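The structure appears below as structure tokens.
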Amino acid sequence: MLDGLNPQQREAVIHHGSPLLIVAGAGSGKTRVLTHRIAYLLAERKVHPGEILAITFTNKAAREMKDRIDKLVGPRSKAMWVMTFHSACMRILRREAKRLGFPSSFSIYDQADSQRLMAMVCREMELDPKRYPPRSFSAQVSNFKNELIDYETAIDKAGSHLEKTLAQAYKAYQLKLTEAGAMDFDDIIMNTVTLFQLFPEVAEHYRMRFRHVLVDEYQDTNHAQYILIRELVGHPELRTADGDVVRAGADQSELCVVGDADQSIYAFRGATIRNILEFERDYPDARTILLEQNYRSTQNILAAANAVISRNESRKPKNLWSDQGDGPKLVGYVADNEHDEAMFVAQEVDRLSDEDGVKASEVAVFYRTNAASRVFEEIFIRTGLPYKVVGGVRFYERKEVKDLLAYLRVLANPADVVSMRRILNVPKRGIGERAEAMIEALSSRERISFWDALRRADEAYGMATRSLNAVREFVALIEELIGKGAGMPPSALAEEVLVSTGYRAELEASEDPQDESRLENLNELISVASEFEEANPEGTLVEFLEQVSLVADADQIPDADGGQGVVTLMTLHTAKGLEFPVVFLTAMEDGVFPHIRSLGEPKELEEERRLAYVGITRAQKRLYITRAAVRSSWGAPSFNPASRFVSEVPGQLIDWRTDPEKSAWSAATARTPAARPTPAKSGGRTVPTLTPGDRVTHDAFGLGTVVAVDGVAEKTKVKIDFGSGGEKTLLLAYAPLEKL
Ligand code: ATP
Ligand code: MG
């Protein structure tokens, strides 16, 4: 159990008697300590697996941890809870929801659902969506919840008109959620905290059950999660400076948290490194252990990571070292454009596989934003390089998948108003918006749920007979499905829904090729249900839906399929905690990464830099840094200077395959039009020389007059008056312009 650990790691594994905080840089074995500690608890301290709760950040990390523990202790690991915050809270809430007034089959609203609900609320409050954008309200309500601020407190604290409006919307939103028997993602944490605080005996029960609580990636917990843990392990005794006991200490569970302040990348979701800083204050008897040896990366990679992160001002300096040898230098490449960049990656992967026997599964390509995967996918398909996108392709966000899930959710919980309204007229059955509005009016007039209003539709004012009949048929259909569903496994029920609603028939009859892929997606969902049933023979519909809603986008990480495997494409955020022998950090451009929003915002820039540190430290042996001189964004070419994070890496660590200073201008002029896809200036047009007053034509905007010319070389911008098309400022080098 203690083999393969250095002295500090060993100390962390065997420590007991007080809370334990392990703060250490990337790749220093924090996660390894956590797994070994669990194994040690079971083997040496005779802890029962059921007494262990280990919190990880993704389901994938949880699975990996379970596998590793499985190897160390065998199948006894099954009784352990190794899961994400959300999964653990969900399990607790399923058992205890009634205490909070929720049905145990409560629905879970993902971000899209909750935004729909907020949009409904804002419409009912007759708020001007321009002044009070529902999305921004949703985000702010989420912030409240991450800080454990309920709507009553929000109303009390609200000062400005805007704050008051927001707080009222929060209240209306929350009441609607409760009425729908639903919780959003943030509620899952907040309600568990409420549960523990309102019902100390429940907290006590779980505290007695989980004698050992271990948390990985602790730096990314937000305030709500922090308090949750504190409630779960029990408060330490609290004394005044004079030594008077303010609060008696509970019989605390053992707490072990591991994290790295330099890898905190979820501040935008309310994560605060204050949780690390305050740990020692809240747990005065806590023990802190530092780990300093990195076992993951070569010296060159580590030096690059250290150089970048040392630019952050608000941090404690660390002394992370590795004895893996220098390894190859980092490789830098400046592509002409994003296609060229993807092509370079594909060719390098090929070369590495031929020359060094590197498997595709050992390679990861990271980017800052989800949308960036598309070009890589295109090129990888063209070049026949097997790959998998993690996150990006949001299967569960596709319309047809959400439709079918909405049906299943309605069958599990007819009060779920967002799902009910989603499927009310899907497939079309003659219940239009007017009829829906009348049902809604009936529901508020009679103070009954939307579902009850549907059942009493004949009481709605002014409902046309045709609509009324359609509503009656819909109600009969749902009731029949609910009746049938009771004894059916989820996959069979899903199929039944598709057949009895005519959804499947409609898609099958369609000539639209897209509908064929929709059918495939629905079949895929049914196979997800079948897999669930195989793994959980006793599983219910509610449990299936729960599992589905927990498959966060961050989580669809492919399992290595033996053989050569596939290249993994993912965002930097998703990459946390993972490691790969070969890593490509792409689109290293100021404005892309660091993200444009963070430029000029020192705090956000520091968070971007931590993200860069996370990215760099994923690499074990080889690290590539690429960027494109020209990149099309939103359909228009943009050229961004090299990312400042690249210039923060000492020059001697990088082996450039191209001119590191290559600019958009030289890329554009050096390009041979036939050889490479050209994002701009298609057809090999030359860049015109323009002065104010010149008449031009633009491929999209038509005829115009040059108003102003500004900047030099590739940075030349022209302002053109397109008459009724308005004035536009364009980059001369890339705008499809011709001088007349
Ligand atoms: P991150 O901050 O990225 O989450 P981490 O601190 O959790 O990193 P681990 O993933 O636990 O680091 O470890 C990094 C790598 O180093 C793993 O491959 C792990 O198996 C290996 N490792 C850790 N400690 C040792 C050790 N004492 N001897 C050999 N290998 C080790
Ligand atoms: Mg880790």
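The values are calculated or read from the model by the stated rules, or taken from the named source; none is laboratory data. Model, not experiment: these values are computed from the prediction. Here the Cβ positions follow ideal geometry from the backbone for every residue, glycine too, while neighbour counts run over all protein chains shown.
Points worth noting:
- Qualifying residue in region 363-382 (condition: modelled with pLDDT of 85 or more, within 30 Å of A733 (Cβ to Cβ), away from ligand 1 (no atom under 16 Å from the Cβ) and β-branched (V, I, T)): yes
- Filter result (assigned to a strand (DSSP E or B) and modelled with pLDDT under 95) within region 562-592: V567, T568, L569, M570, T571, E589, G591
- Restricted to region 280-317, and to residues there that are touching a Ser or Thr at 6+ places or on another chain (Cβ under 9 Å) and among the basic types (K, R), the residue that is farthest from G259 (Cα to Cα) is R296.
- Restricting the search to helices (runs of 4 or more DSSP H) fully inside region 403-498 and requiring at least 3 residues that are within 25 Å of L522 (Cβ to Cβ) and among the acidic types (D, E) gives 465-485.
- Verdict on L198 being within 26 Å of T58 (Cβ to Cβ), at pLDDT below 95 and aliphatic (A, V, I, L, M): no
- Taken over region 6-61, the residue count meeting the criterion of being under 14 Å from V215 (Cβ atoms), within 16 Å of ligand 2 (Cβ to nearest atom) and not small (G, A, S) is 15.
- Taking the listed residues R247, R296, the one that is of a type in the set (D, E, K, R), modelled with pLDDT of 90 or more and in contact with a strand residue (DSSP E or B) (Cβ under 8 Å, 6 or more places away or on another chain) is R296, with no other qualifying.
- Residue match in region 142-160 (condition: farther than 17 Å from H223 by Cβ and within 25 Å of the chain's Cα centre (by Cα)): no
- Region 68-90, residues that are closer than 13 Å to A43 by Cβ, crowded, with 21+ Cβ neighbours inside 10 Å and of a type in the set (G, A, S): S77
- Contact annotation: residue pairs with Cβ atoms under 7 Å, 6 or more positions apart or on different chains, pairing a residue in region 28-55 that is within 15 Å of P75 (Cα to Cα) with a partner that is among the small types (G, A, S) and within 13 Å of ligand 2 (Cβ to nearest atom), are I38/A54.
- Q8 meets each of the listed conditions (1) closer than 29 Å to M90 by Cα; (2) out of contact with any helix residue (DSSP H, G or I) (no Cβ under 8 Å at 6 or more places or on another chain) apart from (1).
- The sole residue among G332, G259 that is touching a residue at least 40 places away in the same chain (Cβ under 8 Å) and either within 16 Å of ligand 2 (Cβ to nearest atom) or of a type in the set (F, W, Y) (or both) is G259.
- Unique residue being in contact (Cβ under 8 Å) with a residue 60 or more places away in the chain, in the same structural domain as L405 (by TED's automatic domain parsing), assigned to a helix (DSSP H, G or I) and acidic (D, E) when the list is E506, E516, E531: E506
- Residue match in region 93-114 (condition: closer than 19 Å to N222 by Cα and touching a strand residue (DSSP E or B) at 6+ places or on another chain (Cβ under 7 Å)): no
- Of the helices (runs of 4 or more DSSP H) lying entirely inside region 105-162, those containing at least 1 residues that are under 26 Å from V410 (Cα atoms) and modelled with pLDDT under 90 are 111-124, 134-146.
- For region 12-42, the candidate set comprises residues that are within 26 Å of F580 (Cβ to Cβ) and polar (S, T, N, Q); within that set, the residue that is surrounded by the most Cβ atoms within 10 Å (Cβ to Cβ) is S28.
- Those residues of region 593-610 which are surrounded by 22 or more Cβ atoms within 10 Å (Cβ to Cβ) and within 24 Å of H339 (Cα to Cα), in sequence order: F593, P594
- Test result for T369, in contact (Cβ under 8 Å) with a residue 12 or more places away in the chain, surrounded by fewer than 19 Cβ atoms within 10 Å (Cβ to Cβ) and touching a strand residue (DSSP E or B) at 6+ places or on another chain (Cβ under 8 Å): yes
- Residue-level check: of (1) at pLDDT 80 or above; (2) over 18 Å from G332 (Cβ atoms), S638 misses just (1).
- Yes/no for D340 being away from ligand 2 (no atom under 16 Å from the Cβ) and closer than 30 Å to T383 by Cα: yes
- Hits in region 135-175 - residues which are closer than 20 Å to I189 by Cβ and among the hydroxyl-bearing types (S, T, Y): S138, S142, Y151, T153, Y170, Y173
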